[in-house]
Amino acid sequence: MELTVYLRDVMVLPTEHGREGIGRLRAASDHVLNTLRHYLPKKYDFNGMWRLVIYLGPNTDGKRLWSPEATGGVGEFLAESFDLDGWFDAPQDEQDVRILQCVQDALVDRAAEFGTDAEPLRTAAQSVRDAGYRLDTELPCSRTHPSRKFRVRLIRRFAPGGTFVIARVTTPKGEVLYEEELLAGEWVVTVGDDYRGGRWNGDTLEILGVSGKMTASVPCVRYL
């Protein structure tokens, strides 16, 4: 029985500027793309693609063929008219708006080619706009203290510069007792690997990575 492949990921890459361009693009756009990935429709059949890679800028390699067909579940789209140099020089708010619109246009364009319903893709993009191009979600390594006096919430934040992790200690009523940034400007995969689980060791919450080893800790004796 053949398994259906669903769309899970969207990437953007520059056609020019090499590694430096990739780094600048990621630093300024990852938070928008990560937020979009969060809102992508579940079990959306995108003609067998699980990832769409959108290349921004002119096709500088005239021999390259941008195939509409997926290879290994990965498809390509060339946004040849996207002014990447102008985008780099724009303020962050404008960058957010323009990169999301470009990605939405690419997704909708491909959906039209495939004959699939583009409305869930438009809805996902609109959810990013409604969220202000930023997103906070509570990670599963968050824990309530056995005393039930407080909870340590580990918040993953998508914001300009990358992925951030904030430790937020709250009362049962939601009052914030303490907040600290544990990680700043990281790659989302690193956060997923390093903030996988949590356990109490006395008055300290220990954060566990994918290997089961402690990767961070939040002392909480002052709240007991």
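The values are calculated or read from the model by the stated rules, or taken from the named source; none is laboratory data. Quantities reported herein were computed from a predicted structural model and do not represent experimental measurements. Virtual Cβ from ideal backbone geometry, glycine too; neighbours counted across all protein chains shown. Keep in mind that these areas ignore ligands, DNA and RNA; they rest on the heavy atoms of the full protein, side chains included. Shrake-Rupley method; radii C 1.70, N 1.55, O 1.52, S 1.80 Å.
How long are the three semi-axes of the equivalent ellipsoid of region 101-218, in whole Å, if each is the root of 5 times an eigenvalue of the C-alpha gyration tensor, listed from largest down? Numbers along the way, then the final one.
Numbers: eigenvalues 249, 51, 32 Å².
In descending order the semi-axes read 35, 16, 13 Å.
Determine the relative contact order of the chain: mean sequence separation of Cα pairs under 8 Å and six or more apart, normalised by residue count, in whole percent.
On the way: 414 pairs, mean separation 34.8, N = 224.
Computed value for the chain: 16 percent relative contact order.
So, taking all protein chains as they sit and a 1.4 Å probe, how much accessible area belongs to M214, in Å² rounded to tens?
The accessible area of M214 comes to roughly 100 Å².
How would S127, S211, S81 rank on accessible area, largest to smallest, probe 1.4 Å? Present the calculation step by step, with values, prior to reporting the outcome.
Working: S127 30, S211 90, S81 115 Å².
Order by accessible area, largest first: S81, S211, S127.
Among the aspartates and glutamates, select those whose C-alpha is under 15 Å from the C-alpha of K149, and discard any that sit fewer than 8 residues away in the same chain.
The reachable aspartates and glutamates, counting only those whose Cα sits under 15 Å from K149, are E175, D203.
Pick from K42, K173, K149 the residue whose mean-square fluctuation is largest in a GNM of the chain, springs joining Cα atoms under 10 Å.
Judging by the Gaussian network model, the answer is K173.
For the chain, modelled as a GNM with alpha-carbon contacts under 10 angstrom, which of Y178, Y39, Y195 fluctuates the most?
Checking each option, the largest mean-square fluctuation is seen for Y178.
For region 149-224, what are Rg and Dmax over the alpha carbons, in angstrom?
Expressed in Å, the Cα Rg and Dmax of region 149-224 come to 12.6, 36.
Could you please state how large a percent of the accessible area of region 1-58 is carbon and sulfur, counting protein chains only and using a 1.4 Å probe?
Values: 1600 of 3070 Å².
That share works out to 52 percent.
Excluding ligands, DNA and RNA, what is the solvent-accessible area per residue of the chain at a probe of 1.4 Å, expressed in Å²? Spell out each step's value before the answer.
Working: 11780 Å² over 224 residues.
On a per-residue basis, the chain sits at 53 Å².
At 1.4 Å probe size, put R122, R151 in order of accessible surface, largest to smallest. Show your work: numbers first, answer last.
Numbers: R122 95, R151 65 Å².
Listed by decreasing accessible area, they come as R122, R151.
Taking a ≥ b ≥ c as the square roots of the eigenvalues of the Cα gyration tensor of region 1-144, is the shape rounded (a/c under 1.5), prolate (a/b larger than b/c) or oblate? Mind dumping the intermediate values first?
On the way: a/c = 1.66, a/b = 1.05, b/c = 1.58.
Cα axes put region 1-144 in the oblate bin.
Charges on Cβ only, +1 for Lys and Arg, -1 for Asp and Glu, centred on the Cα centroid of the chain; of L205, L100, G161, which one is farthest towards the dipole's positive end?
L205
Leaving ligands and nucleic acids out of the surface, order D93, D105 by accessible area at 1.4 Å, largest first.
Final ranking, largest accessible area leading: D93, D105.
Taking the Cα centre of region 120-224 as origin and charging only Cβ (+1 Lys, Arg; -1 Asp, Glu), how large is the dipole, in debye to the nearest 20?
On the way: 16 positive and 12 negative charges, 73 e Å.
Using Cβ point charges on Lys, Arg, Asp and Glu, region 120-224 gives about 360 debye.
When the chain is modelled as a GNM with alpha-carbon springs shorter than 10 Å, which of T35, T163, T60 fluctuates the most?
Most flexible of the set in this elastic network: T60.
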